[in-house]
1. Where only protein heavy atoms count, and the probe is 1.4 Å, what is the accessible area per residue for the protein assembly as shown in Å²?
2. How many Cβ atoms of partner chains, on average, are near each residue of A:199-205 if near means within 10 Å of its Cβ?
3. Taking chain A as a Gaussian network, Cα atoms linked when under 10 Å apart, which of A:PHE95, A:PHE232, A:PHE213 shows the biggest mean-square fluctuation?
4. Expressed in nm to one decimal, what extension gain is obtained for the pair B:ASP519 and B:SER167 from 0.36 nm per residue of sequence separation less their Cα-Cα distance?
5. Is chain A rounded, prolate or oblate when judged by the Cα gyration tensor, a ≥ b ≥ c being the square roots of its eigenvalues, rounded requiring a/c under 1.5 and prolate requiring a/b larger than b/c?
6. What fraction, in whole percent, of alpha-carbon pairs in segment B:592-651 exceed 17 Å separation?
7. Going Cα to Cα from B:LYS523, which lysines come in below 28 Å? Please leave out same-chain ones fewer than 8 positions away.
8. Which whole number gives the average, over all residues in A:329-342, of C-beta atoms from other chains lying within 10 Å of the residue C-beta?
Amino acid sequence: MKDRRLTRRSLLKAGAALALPAIIPARALGREDKVAASERITLGFIGVGGMGGAHLGGFLRNPRVDVIAVCDVYEPHLRNARERVGERCLAYKDFRHLLMRRDIDAVVISTPDHWHTLICIRAAEAGKDIYCEKPLTYSIGEGKPLIEAVRRYGRVFQVGSQQRSDRNFRFACELVRNGKIGKLHTVRTGFGRGPEGGDPAITAPPDGLDWDFYVGPAPMTPFQKGRFGFDFRWFTEYSGGILTDWGAHHNDIAQWGTGYDRSGPVEVEGTGAFPATGAFDTVQDYDVTFTYPDGVKLICSSRTNGVLFQGTRGEVAVNRGFLDASPKDLLEWRPGSEDVRLYESPGHREDWLDCIRSRRRPICDVEIGVSSVNICHLANIAIRLGRKLRYDPGQMRILDTPEAESLLFRPYRAPWSL
Amino acid sequence: MRTGIRTTFLLIILWGSLGGVHAQMTPVDEDLIARLKSDNLQTRAAAIPVAVPELLKRVWAEDMSWHHVSLQVLREAVWRATGDAYADDRRPLAAALVKGTAGRSSSVAARSEALELASLVASSESVPPLADLLADPDVGESARVCLVRIASRAPGAAGALRSALASASPERQVALINGLATARASFAEQAVRSWLNSPSADVRMAVLRALGSIGGAQSLDALWQTAEKGAQPERFAALDSILRIAENLPAEQARPVYEKVYTGSRGSVEKCAGLAGIARVRQAAAVPLLTQSLLAKEPDVRGLAALALAQMPGSSVSIRLAERLPVAPVEQQVAIVSVLARRYDAPSALALFRTAASERAELRAAAYQALAENRNASRQEVARVLAERLPTAQDAAERSALLSAAASVAHPSLLAPLMNEWEAGRGSTELLRALLAVADSCAAAGREEDAAKVYLLVAENATDRSLLRMAAASLKGAALREEFASRAGFVMHWWVLGPLKGRDKWFGQDAFPLDSPVDLSAKVTVDGEEFAWKPAAVGDPLGELDLSASAGPGEDTACYAYAEFISPSERDAWLRLGSDDGVIVSLNGQKVHEFKGERNYALDEDSVRVTLRRGTNVLLCKVLNAGGGYSVGARFVDLEGRPLRLEQRRP
């Protein structure tokens, strides 16, 4: 295979996303292949395009679940998903109709980002357990209502930041948590530059797309090609761009290693640059520094790719398919019986299914997902405002001017509301 | 002051101080832009009323050439004004943006964009013009969003929303009610509630949801009516609002609300919500109900009760659970033990140690797991208990629980008792897993030799490849890695020939006949180039032979790897194989397997059932490399998956 032997240098220089980490199938863990129908978890899928389609494939191969409903506002995606599942699967355009079904135990939500919170809250109310793609929220202001709803109804919630279920990332964080690199002082993260481009021409939405429903709670704008499909994430109406799209992975790991993964920094400042041409308008270059209560700095920059923890006695670098440390013998360290051991997931989807059965909290619970994406939102806000901001992670508030606070939440377009 | 717009394209640098440095061409006057970002307040104040409408004309214009740059200039001016240093810009910016919206000189989308920006800097002064815009068919919705966003700092903004309610269409009423809820305008509670009997289902739904944000105790009766008699989805909405109101009530007022939700529940989700609320407001007093709920028929109710009990602060909760433990029915005992596992305090640990000595095997099994999970219980003491019980485990379930707990605790003191189990002939994958975890702890404690013995034991006996992988990852030293691979039955000694250029052509042809014995001393000529067989030894613990190192680097090539070994008898076996990338495999001259795609090397990726003949057997792998590194690895295991350590021919 090409490029399989990565070096730390290549990690820090690489700009592209690497392959998804392998998910350990239940079969490999010695579980039964056959699960009685009454024991299977019934799933509904909301959003069956890109990531939703990938999740659908993964769960269709899983003997522990039955997919019985799919939902999408784009007719071709919906038709394709239903064909993949089979006749027993019902198709919906409106997620509210899917949520009304009492025979659905849990839902997998893979819509564009601006829909995540609203659908998750309605799903929690309807008593569904939830797997929601990252980045979990569109804005900081959505975090608290989402956590409250999930807790209110006692739902099992997994956020799709699947790096947590990868052994390398866990090992790197365990090294840090156990002081093996000495006293942690800096974490460096990055995920390359955000893209520029996107055809600015205003056109008609594609046939089969309910554009008004797709826009949903976001501000209505004229249609441009990139607004629908993978590129939605480069438009501020629907997403926080590269900072939330990839920050929800690498910054999540950074906070896991620091132990602030249910909390956050107290200060943030940064600079950035936006695309000069094309339709995309989310940040392209970024250089943001977060300061945590114990003085640890998290420096997130578009010049690097991966996560690098730096301590007084060593460093550990981790990325997908890559792990390195200095001194090298850190890589041979194994936690002893008295050491801190982090949650070991059997695979991100499997962990969620296990937790639906055990009713425990999965490896990337809602509170963690909110905290991880909040710092990505903060980075975007700090870049826009161009000044140092103080932040209260407990209250999820910016301690600045009321005008800056306005950026914490964008009111939903009618008729949608939280 | 120059107000004209040049038609020539001028170079501007946008807001370098904000870090958003772009060189861009725009028809907007360079001087006007410069003044908009001037450090001088008066200069900016004069520029804003001129620059904002000019820029807005270019946002979402028919010609989109200047949309991007114009919008970015406006955004950065507004973002900067949200800070104290440029606070004086807010009024002129807000005024210009709102005025630009009313003027209809820009597209609808541009006017909406202007209101989005105004929502960051507008104050009370902007409320009247924004209120006027509420009825605008094009930008009324954007005006509403703007008023909602400024409501916390602009007195009168939420009032404008309330005032517009009475004369609005049902569709706009929904929007206004949603806005009042988002703005947390509790003063509008009564006005909003009065629309609960609206003929429009959408309006009723909006009211039900809004009351959760702005309602108080006085709205509960109205909400209960829908929650008790209404149909879905109004019922969900009413119930959710009741619960949200209760979250903001004093505990004594909230308690009856939660109890009513719990007792009147029609499904598990409502029961969960009631129970969570009761746990929150009653704390330790809720322990009996929560303990009883551990036996609920609905799994999510049981799970919620367990979680609430596990997270409830105070060691008195652990003491109460411990007291309940001996007198509870056995299913409840198991559930309580599982809760105590997650209460990391001394009383819970003590209760778990007591339970580990219970007369009931299923209870003991639960206690072992719980002790392993409870970090307050001394690891050494837990290990001592597990070691004591291992030889006397009553049944397979208890033994399994002991081994699972031992793997979690992984205390070095468990090594001897676990090895005793192995030597007593009670070996299993679970035991190997526990041994492996303990070996890692031994290594961490400096007992490398003890650990190495276990790793080799795993290599010899593991039938589960995940165990092999874990053990291999822990090995230190080249000699141990080779020994590990050898004990796991990997082919250790190969002869390689290659790399032969042109991967694709080797899919269907060979460099020498496969149906006659291979002469390892003979040279093979391919396309005029002469190749010789070279010996190559495996150093990787998982049997991977790096062909880049042994045959030489070779993108888009093929390479042969040959091995000979002796089987003492004819027997059926599994050939386990991995390759990077493709591979075509022959055993004793017969093709037995092929993979023609691209992949990384992975342990035992392919499994092929084969028959080994008595005496010498020949394995020939043709590895087909698309690019980068390439490799192969193989071993034979018996039909149960145990490694066959066959004598191999060495160079």
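The values are calculated or read from the model by the stated rules, or taken from the named source; none is laboratory data. What you see is a predicted model; the values in this text were computed from it and never measured. Please note: Cβ atoms are built from the backbone with ideal geometry, for glycine as well, and neighbour counts cover all protein chains shown. Remember, those area values only see protein heavy atoms, side chains included, never the ligands or the DNA or RNA. Shrake-Rupley method; radii C 1.70, N 1.55, O 1.52, S 1.80 Å.
1. The answer is 39 Å² per residue.
2. For this peptide, the per-residue mean of nearby foreign Cβ atoms is 2.
3. A:PHE213
4. Separation in residues times 0.36 nm, less the Cα-Cα distance, equals 117.0 nm.
5. oblate
6. Above the 17 Å cut-off, segment B:592-651 has 49 percent of its Cα pairs.
7. Partners within reach: B:LYS501, B:LYS505, B:LYS534, B:LYS591, B:LYS596, B:LYS622.
8. For peptide A:329-342, the averaged partner shielding equals 5.
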